[in-house]
1. Could you list all residues from segment 436-479 that are at pLDDT 85 or above and either surrounded by fewer than 15 Cβ atoms within 10 Å (Cβ to Cβ) or not in a helix (DSSP H, G or I) (or both)?
2. Exactly one condition in (1) within 20 Å of Asn439 (Cβ to Cβ); (2) at pLDDT 90 or above; (3) open to solvent by 40 Å² or more (accessible area, probe 1.4 Å) is false for Asp392; which is it?
3. Collect the residues in segment 185-226 that are out of contact with any helix residue (DSSP H, G or I) (no Cβ under 9 Å at 6 or more places or on another chain) and assigned to a loop (DSSP other than H, G, I, E, B), keeping them in residue-number order.
4. It is to be established whether one or more residues within segment 540-549 are outside any strand (DSSP E or B), closer than 21 Å to Lys499 by Cβ and of a type in the set (S, T, N, Q).
5. Taking segment 65-96 as the search range and keeping residues that are surrounded by fewer than 16 Cβ atoms within 10 Å (Cβ to Cβ) and of a type in the set (A, V, I, L, M), which one is nearest to the chain's Cα centre (by Cα)?
6. Could you check, for segment 346-364, whether at least one of its residues is at pLDDT below 85, surrounded by fewer than 21 Cβ atoms within 10 Å (Cβ to Cβ) and closer than 19 Å to Thr409 by Cα?
7. Taking Val226, is it open to solvent by 40 Å² or more (accessible area, probe 1.4 Å), touching a residue at least 40 places away in the same chain (Cβ under 8 Å) and either of a type in the set (D, E, K, R) or more than 25 Å from Glu285 (Cβ to Cβ) (or both)?
8. Taking Val7 as the residue in question, decide whether it is open to solvent by 40 Å² or more (accessible area, probe 1.4 Å) and touching a Lys or Arg at 6+ places or on another chain (Cβ under 7 Å).
Amino acid sequence: RRGGEDVDVLYSAQVIEFLGEPCIVATIFDVTSRKRAEQERHLSDERFARIFNSSPDAIVISRLDNGVYVELNEAWSELSGYSRQELIGRSAVELNIWADVSQRGELLAQLTSSGRVRDFEFRMRRKNGETADTLLTGEVIELHGERCLLAILVNVTERNRSTRRLRESERRFADVVDAAGEYVWEADVDGRYTYVSERIERVLGYTVAEVIGKEAYDFMPAEEMVRLEHWFDTRPDPGTPIRNLEYRSTTKDGRQIWQQVSGVPIFNASGQRVGFRGTGLDITERKLAEQRIEELATRDALTQLPNRRLLNDRLSQGIMTAQRSGGLIAALFIDLDRFKTINDSLGHAAGDELLRLVAERLQQLMRKGDTLARIGGDEFVIVLEALRVAEDAGAVAQKIITVLSEPYTIDGNTLTTSASVGISVFPGDAADGSTLVRNADMAMYFAKEHGRRNYQFYSEEMNARAVEKLTMESTLRQALAREQFELYYHPKFYLADGKLAGVEALVRWNHPEMGVVGPGRFIQITEETGLIVPLGEWVLNRACRQRRDWQEQFGLVIPMAVNLSVGQFNKGLTRTVRDALARAGLTASALELEITESMLMKNVDENIDVLRRLSDFGVAIAIDD
């Protein structure tokens with residue numbers, strides 16, 4: 001231009017004939033502003049392209065109407081897992097990138113209404129099938145005459161995962177604290193509450209506002225506050241955690257409760273302790289239960305008499321007193337006769353009532369300083385202290401037997417029972433309480449063996465017999481395993497003509513040292529230990545096999561009689577008999593079972609049922625003795 005300034009122009013011209021001469025007709029248009037705008041736009045495009053392609057966040061441009069990708073950066077490829085070539089010209093729906101397609105509708109609705117969207121979160125499906133939590137911010141733009149979405153996406157999967165973990169951790173903590181019935185608290189260095197959770201109201205009855213700024217001492221009885229202050233004052237290090245501190249508090253309605261508190265110190269950035277935080281728990285029910293447990297630990301629940309634990313304590317104290325004074329102490333072990341029969345026939349309620357009545361009668365016989373305890377079932381122990389002579393214990397035992405033998409009226413039924421009593425005396429029979437009771441127990445069993453309803457003093461002979469019994473039990477188990485038993489067969493003849501009527505199988509024990517041992521020495525022990533069941537099965541099987549062998553060898557068809565013990569007489573007996581006959585290939589008529597009348601009269605109803613089953617099966621029944 002005239003002033004020396006350069007301008008951008010758009011020049012258009014053509015040659016024409018003018019007045020017989022060729023001339024140029026030209027139009028010149030000043031495009032300086034447009035060129036500058038284009039340059040600026042070009043620079044802007046370059047800057048956008050640099051930002052677009054170098055951004056760590058995923059950026060994508062897609063058509064608004066069909067979602068087809070127009071442009072994207074490398075970060076978007078990494079996020080989606082697809083290459084640029086796989087994405088351009090295809091849509092998110094086509095590639096199944098929306099984990100929930102309904103979310104695309106939500107996005108379009110927001111864009112339609114406002115033209116932009118901020119922090120829209122959705123789950124995208126990557127090329128490998130994994131899903132990612134994605135946060136989208138975008139707006140609608142015009143590109144080449146089309147409405148497009150320019151979107152920036154951020155992968156927030158790890159952030160969400162961390163947030164979820166934090167929330168789950170907080171929820172677990174809250175759930176555990178709530179399930180445990182605890183409340184959370186914080187206090188400053190002076191012990192004033194700066195925070196308490198709402199559960200405090202369920203514990204103390206005070207609201208959170210009523211507790212904040214107060215101390216725990218403000219909710220304690222005076223004597224408890226003194227005790228706790230002393231406890232805190234004498235702590236060697238006041239900055240150490242508090243573990244399971246128990247104390248009493250007074251609730252808003254005046255009740256006294258027990259709390260258990262634990263806490264840890266709070267430190268500021270400079271390491272200075274500024275308070276405590278922890279949890280509190282109402283343990284009133286537990287403390288009451290502990291008191292009740294203590295009562296139950298020393299008292300029998302049914303009769304309220306001392307139990308074995310309290311009995312042992314009193315025995316120990318009595319023995320120490322007797323050692324200093326040179327006196328005697330007697331332990332009387334009392335067991336009711338026929339109690340199981342009463343309990344089974346009339347029910348446990350009647351049995352419990354009988355035990356209570358027995359306890360009342362025994363208490364009436366007690367002197368001051370003596371101890372009456374129930375140690376289980378129908379067993380009682382009386383400890384008599386300061387005896388002059390051992391025979392005095394026998395006189396007390398006789399009174400016990402007489403008093404307990406008198407009739408009882410329970411639920412309109414008149415019941416009678418009796419007692420067997422065993423007596424052992426300190427220091428002659430035992431040097432300690434547990435041995436004294438054990439020896440009295442042993443003597444009680446001898447009283448039962450002597451017909452019940454009597455008393456027996458402990459003797460060394462009883463102990464020797466008990467040791468022999470234990471030894472015999474062990475040896476019997478080995479004898480069964482080593483097949484040391486043998487059957488002898490006692491023939492039975494008709495007196496009229498002397499013909500053989502049958503045989504009776506009798507078991508003998510071929511002891512390696514004692515020789516042949518008869519059943520009188522070991523049957524009772526097998527019954528007491530349960531060995532009678534395997535021994536009885538062995539006898540039945542061996543006797544049936546012998547009966548089969550005689551029939552096959554000699555054509556001898558006679559009944560084989562086998563004695564039954566009380567320990568075998570149960571509902572499984574019929575099956576045992578059937579199996580033994582089946583193994584030997586015999587019919588039921590080949591076997592005769594002998595039972596004693598005393599055994600028959602125990603548990604009559606059950607026994608009749610067992611006998612009926614055997615009889616229906618075809619086995620003969622004989623009553624012995």
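The values are calculated or read from the model by the stated rules, or taken from the named source; none is laboratory data. In this text the structure is predicted, and so the values were computed from the model without any measurement. In this analysis, Cβ positions are derived from the backbone assuming ideal geometry, glycine residues included, and neighbour counts consider all displayed protein chains. For the accessible areas, the whole protein counts, side chains as well, though only heavy atoms, and no ligand, DNA or RNA atoms are used. Shrake-Rupley method; radii C 1.70, N 1.55, O 1.52, S 1.80 Å.
1. Of everything in segment 436-479, those that are at pLDDT 85 or above and either surrounded by fewer than 15 Cβ atoms within 10 Å (Cβ to Cβ) or not in a helix (DSSP H, G or I) (or both) turn out to be Arg453, Asn454, Tyr455, Gln456, Phe457, Tyr458, Arg477, Gln478.
2. (2)
3. Result: Val189, Asp190, Gly205, Ile212, Gly213, Lys214, Pro221.
4. For segment 540-549, residues outside any strand (DSSP E or B), closer than 21 Å to Lys499 by Cβ and of a type in the set (S, T, N, Q): present.
5. It comes out as Val93.
6. Restricting attention to segment 346-364, the residues satisfying the condition of being at pLDDT below 85 are 346.
Within this subset, residues satisfying the condition of being surrounded by fewer than 21 Cβ atoms within 10 Å (Cβ to Cβ) are 346.
Now drop any that are not closer than 19 Å to Thr409 by Cα, which leaves 346.
Yes, there is a match, as at least one residue in segment 346-364 is at pLDDT below 85, surrounded by fewer than 21 Cβ atoms within 10 Å (Cβ to Cβ) and closer than 19 Å to Thr409 by Cα.
7. So Val226 does not fit the description; no.
8. yes
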